[in-house]
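Have a look at the structure below, then the notes.
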Amino acid sequence: MTKPLSGKTIILGISGGIAAYKAATLCSRLAGLGASVRVIMTEGATKFITPLTLQTISRHPVATDVFDERDASIVQHIDWADAADLVVVAPATANILSKMANGLADDMLSTTLLAVTAPVLVAPAMNVHMWEHPAVIDNVNKLASRGVTFVEPGTGQLACGYVGKGRLAEPDEIAEAVAAMLAGPKPLAGRRVLITAGGTLERIDPVRYITNDSSGKMGFAFAEAARDWGADVTLVYGKTDGVPPEGIQAVRVESAEQMKDAVMSRAAEADIVIKSAAVADYRPLHQEEHKMKKKSDTLTLELVRNPDILQTIGEWREKQAGKRVPVVIGFAAETMELERNALDKLARKKCDYIVANNVTQAGAGFGTDTNIVSIYGTGGFAEHLPRMPKKAVAQRVLELAAAKIGTERA
Ligand code: CTP
């Protein structure tokens with residue numbers, strides 16, 4: 001399950017205001033969204049909340065002293081600064097704003113902030129008159145002009161007794177701002193992507209079936225990549241090793257015929273169709289209602305052809321003259337003559353691109369986290385990708401598909 005901030009390292013800088021206690025909730029939210037959170041507290045912050053609280057929530061040691069170098073192999077403030085995808089200072093006091101604006105480096109937080117090249121988000125909290133002081137306004141403007149992002153304080157009852165602007169924004173609001181800053185581009189926003197994944201399962205009797213080695217990983221990687229790029233994703237999946245990613249519509253099917261129905265009933269609404277499922281070409285002619293009993297020494301299973309879903313989409317698409325139709329991506333899992341077989345499938349199944357891989361190659365094919373593919377497209381397009389994570393393969397294919405939406409097809 002991928003969370004929105006999975007793989008991201010965030011430095012949470014806590015300075016010494018009463019709202020420091022709310023930083024514990026923020027830390028918990030960021031960790032809950034999948035981020036690895038490194039907490040730096042000023043000396044003032046430790047008067048309001050203990051480093052142990054933040055250490056327990058973040059599951060990492062909390063840094064408070066720039067000279068407390070525990071690991072001789074690194075310089076901690078530089079190491080943390082380099083590792084950070086984002087720094088969030090919450091709460092930010094008037095003092096830390098002033099230090100940031102003027103480039104002071106007299107403690108762990110201010111020193112790390114100077115060493116950071118990642119984006120910085122600041123959530124100030126202070127008395128309303130302090131917030132309105134020209135010195136603070138100048139510092140905020142200076143930081144904003146340097147690209148620092150602010151989550152403005154809220155208005156309400158302040159700890160000092162005043163009612164006005166100065167309350168730390170709610171931890172959820174700050175966490176949302178962090179997620180938005182790290183979200184990246186959304187090239188598929190407003191697009192519908194229909195993906196098939198896994199292997200189909202063709203029943204012989206209630207307990208026996210024919211299937212294949214597909215793990216579903218390639219299709220799941222497509223679903224994740226398309227979702228991350230803002231698409232509305234429907235994943236029609238058969239037998240897989242894993243659990244479909246979150247944040248998509250997952251439709252479980254079993255046989256090729258079920259998969260065909262699930263796909264064809266949704267194809268007209270899709271902008272992109274990705275057919276990464278390994279569909280069984282044949283199914284048993286008869287599915288026994290009861291578990292088969294052994295009788296003779298040999299048994300012959302009679303199989304009949306399954307519908308070719310990709311070809312069905314290709315042919316359906318050809319008949320939609322003038323109507324909006326999806327970009328269609330097929331796959332070719334081969335053990336020999338990759339290019340010839342892929343080009344044959346591209347033409348026969350009438351798709352825009354075929355993503356071909358040699359499933360016998362190490363680091364490619366079923367069950368692995370990486371793939372080595374060649375992409376063939378109409379008009380002689382050919383691109384050979386090196387071994388890369390399945391999600392990176394998916395991103396490249398989605399890039400090509402996105403570029404093709406709305407263009408005329410051969
Ligand atoms: N495919 C499909 N329906 C089928 C068989 C395959 O939609 N009944 C799709 C797969 O999802 C994939 C592409 O066709 O996108 C190629 O699948 P592959 O198994 O490599 O090809 P086959 O059609 O089985 O061709 P061949 O038997 O010639 O290898």
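The values are calculated or read from the model by the stated rules, or taken from the named source; none is laboratory data. It should be emphasised that the depicted structure is a prediction, and the values quoted were computed from it without experimental measurement. Methodologically, a virtual Cβ is constructed for each residue, glycine included, from the backbone with ideal geometry; neighbour enumeration extends over all protein chains shown.
Determine, yes or no, whether MET130 is at pLDDT 95 or above, part of a loop (DSSP other than H, G, I, E, B) and more than 20 Å from VAL178 (Cβ to Cβ). Reasoning before the result, please.
Values: at pLDDT 95 or above: yes; part of a loop (DSSP other than H, G, I, E, B): no; more than 20 Å from VAL178 (Cβ to Cβ): yes.
Taking the combined requirement at face value, the residue does not satisfy it.
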Worksheet item: Restricting the stretch 333-348 to residues that are more than 22 Å from GLY367 (Cα to Cα) and among the acidic types (Asp, Glu), which is farthest from the ligand (Cβ to nearest atom)?
Response: GLU339
Fill in: Failed condition for VAL328, given (1) more than 10 Å from the ligand (Cβ to nearest atom); (2) touching a Cys at 6+ places or on another chain (Cβ under 7 Å)
(1)
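Enumerate the strands (runs of 3 or more DSSP E) found wholly within the stretch 207-272, keeping only those where 2 or more residues are surrounded by 17 or more Cβ atoms within 10 Å (Cβ to Cβ), within 13 Å of the ligand (Cβ to nearest atom) and under 20 Å from the mean Cα position of the chain (by Cα).
232-237
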Practice prompt. Could you please tell me which pairs satisfy a Cβ distance under 6 Å, a separation of 6+ or placement on different chains, a first residue in the stretch 48-62 that is under 13 Å from LEU30 (Cα atoms), and a second residue that is modelled with pLDDT of 95 or more and surrounded by fewer than 18 Cβ atoms within 10 Å (Cβ to Cβ)?
Written response: ILE57/SER28
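Conditions (1) of a type in the set (D, E, K, R); (2) free of Cβ contacts under 8 Å to residues at least 60 places away in the same chain, marked per residue:
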{"residue": "ASP65", "(1), (2)": "yes, yes"}
{"residue": "GLU69", "(1), (2)": "yes, yes"}
{"residue": "GLN76", "(1), (2)": "no, yes"}
{"residue": "ASP82", "(1), (2)": "yes, yes"}
{"residue": "VAL89", "(1), (2)": "no, no"}
{"residue": "ALA94", "(1), (2)": "no, yes"}
{"residue": "GLY147", "(1), (2)": "no, yes"}
{"residue": "VAL163", "(1), (2)": "no, yes"}
Worksheet item: For the stretch 293-335, how many residues meet the condition of being hydrophobic (A, V, I, L, M, F, W, C) and assigned to a loop (DSSP other than H, G, I, E, B)?
Response: 4
Worksheet item: Taking interchain pairs and intrachain pairs at least six residues apart, which have beta carbon atoms under 6 angstrom, with the first residue in the stretch 333-349 and in contact (Cβ under 8 Å) with a residue 12 or more places away in the chain and the second part of a helix (DSSP H, G or I) and near the ligand (Cβ under 10 Å from one of its atoms)?
Response: GLU334/ASN341; LYS349/LEU310; LYS349/GLN311; LYS349/GLY314
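If only one of VAL236, VAL243, VAL253 is touching a residue at least 24 places away in the same chain (Cβ under 8 Å) and either within 28 Å of ALA31 (Cα to Cα) or assigned by TED's automatic domain parsing to the domain that holds LYS22 (or both), which one is it? Before you say what the answer is, go through the steps one by one.
Details: VAL236 fails: either within 28 Å of ALA31 (Cα to Cα) or assigned by TED's automatic domain parsing to the domain that holds LYS22 (or both); VAL253 fails: either within 28 Å of ALA31 (Cα to Cα) or assigned by TED's automatic domain parsing to the domain that holds LYS22 (or both).
So the residue among VAL236, VAL243, VAL253 that is touching a residue at least 24 places away in the same chain (Cβ under 8 Å) and either within 28 Å of ALA31 (Cα to Cα) or assigned by TED's automatic domain parsing to the domain that holds LYS22 (or both) is VAL243.
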Item to complete: Filter the stretch 350-382 down to the residues that are under 23 Å from PHE220 (Cα atoms) and charged (D, E, K, R), then identify the one that is nearest to the ligand (Cβ to nearest atom).
Response: ASP352
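Would you point out which residue out of VAL207, VAL251, VAL279, VAL263 is closer than 29 Å to ALA179 by Cα and not acidic (Asp, Glu)? Break it down stepwise before answering.
Working: VAL207 fails: closer than 29 Å to ALA179 by Cα; VAL279 fails: closer than 29 Å to ALA179 by Cα; VAL263 fails: closer than 29 Å to ALA179 by Cα.
Answer to the selection: VAL251.
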Discussion item. Out of everything in the stretch 171-200 that is in contact (Cβ under 8 Å) with a residue 60 or more places away in the chain, farther than 19 Å from ALA84 by Cβ and assigned to a loop (DSSP other than H, G, I, E, B), what residue ends up being farthest from the ligand (Cβ to nearest atom)?
Written reply: PRO187
Worksheet item: In the stretch 273-292, what count of residues is obtained for those that are more than 15 Å from the ligand (Cβ to nearest atom) and either aliphatic (A, V, I, L, M) or in a helix (DSSP H, G or I) (or both)?
Response: 2
Discussion item. Of everything in the stretch 293-316, what is touching a residue at least 40 places away in the same chain (Cβ under 8 Å) and either away from the ligand (no atom under 13 Å from the Cβ) or among the β-branched types (Val, Ile, Thr) (or both)? Give them in sequence order.
Written reply: LEU301, ILE309, THR312, ILE313
